[in-house]
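Participant: Structure below; questions to follow.
The values are calculated or read from the model by the stated rules, or taken from the named source; none is laboratory data. The shown structure was predicted, so the numbers you read here are calculated from the model rather than taken from an experiment. Neighbour counts are summed over all protein chains in view; Cβ atoms, including those assigned to glycine, are modelled from backbone coordinates with ideal geometry. What goes into the accessible areas is simple: the full protein's heavy atoms, side chains included, and nothing from ligands, DNA or RNA. Shrake-Rupley method; radii C 1.70, N 1.55, O 1.52, S 1.80 Å.
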Amino acid sequence: MSAADSSLQDAVRLLYRDHHGWLHGWLRRRLGCADNAADLAQDTFARLLASRRVLDAREPRAYLTTVARGLMINWYQRQSLERAYLETLAALPEAVMPPPEQKLIILETLHEIDSLLASLPDKARRAFLLSQIEGLGYGEIAQRLGVSLGSVKRYMQQAFRRCLESMA
């Protein structure tokens with residue numbers, strides 16, 4: 001283990017010892033569930049370790065709050081997506097209901113697609129969805145978005161490039 005790795009682990013260990021209880025309480029108040037708060041608190045410290053950056057100790061709670069808030073937003077988005085998927089499944093006849101393992105694979109794929117779309121700039125995401133979901137041509141997309149045809153082509157290239165990168 002390098003000195004930098006050891007230093008990072010020591011810094012996170014101290015941060016955990018001094019602020020884990022506070023962070024867990026902060027998350028519990030916002031989420032209303034101690035178990036979900038515990039998971040997100042752990043994810044916050046795991047994120048710190050994964051970032052491989054030693055933190056500035058002057059404002060540790062502000063930093064922890066920022067990281068935890070981002071994780072909480074992602075958690076809410078995942079929950080919303082899962083609820084929508086489960087509601088859609090509930091409306092299906094039992095004969096076409098996918099088996100549990102396939103449901104999990106579909107849900108994981110939906111999360112990946114959602115993450116990919118969220119990583120695109122707004123207009124590129126909108127152009128891609130108008131093309132792929134609504135079946136609009138580039139000219140119609142340009143009109144809807146109020147941009148040039150060249151911009152739509154650029155947006156679509158950006159979206160398709162991102163899709164290819166995620167497949168690699």
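Participant: List pairs: first residue in region 138-166 and without any contact (Cβ under 8 Å) to a residue 12 or more places away in the chain, second residue open to solvent by less than 100 Å² (accessible area, probe 1.4 Å) and not in a helix (DSSP H, G or I) anywhere in the structure, Cβ distance under 7 angstrom, at least six positions apart or on different chains.
Facilitator: 142/148
Participant: Consider residue 91 carefully, then state whether it is under 23 Å from residue 77 (Cβ atoms) and within 21 Å of the chain's Cα centre (by Cα).
Facilitator: no
Participant: Within region 13-29, count every residue that is surrounded by 15 or more Cβ atoms within 10 Å (Cβ to Cβ) and not hydroxyl-bearing (Ser, Thr, Tyr).
Facilitator: 8
Participant: While we're looking at this one, here's another question. Go through region 54-168 and tell me which helices (runs of 4 or more DSSP H), entirely inside it, have 2 or more residues that are basic (Lys, Arg) and within 28 Å of residue 23 (Cα to Cα).
Facilitator: 60-90
Participant: Which of the following residues is acidic (Asp, Glu), under 30 Å from residue 138 (Cβ atoms), out of contact with any strand residue (DSSP E or B) (no Cβ under 8 Å at 6 or more places or on another chain) and open to solvent by 80 Å² or more (accessible area, probe 1.4 Å): 87, 112, 101?
Facilitator: 112
Participant: Continuing with the same structure: So residue 40 clears everything in (1) under 30 Å from residue 3 (Cα atoms); (2) surrounded by fewer than 15 Cβ atoms within 10 Å (Cβ to Cβ) except one condition, right? Which one?
Facilitator: Result: residue 40 passes all but (2).
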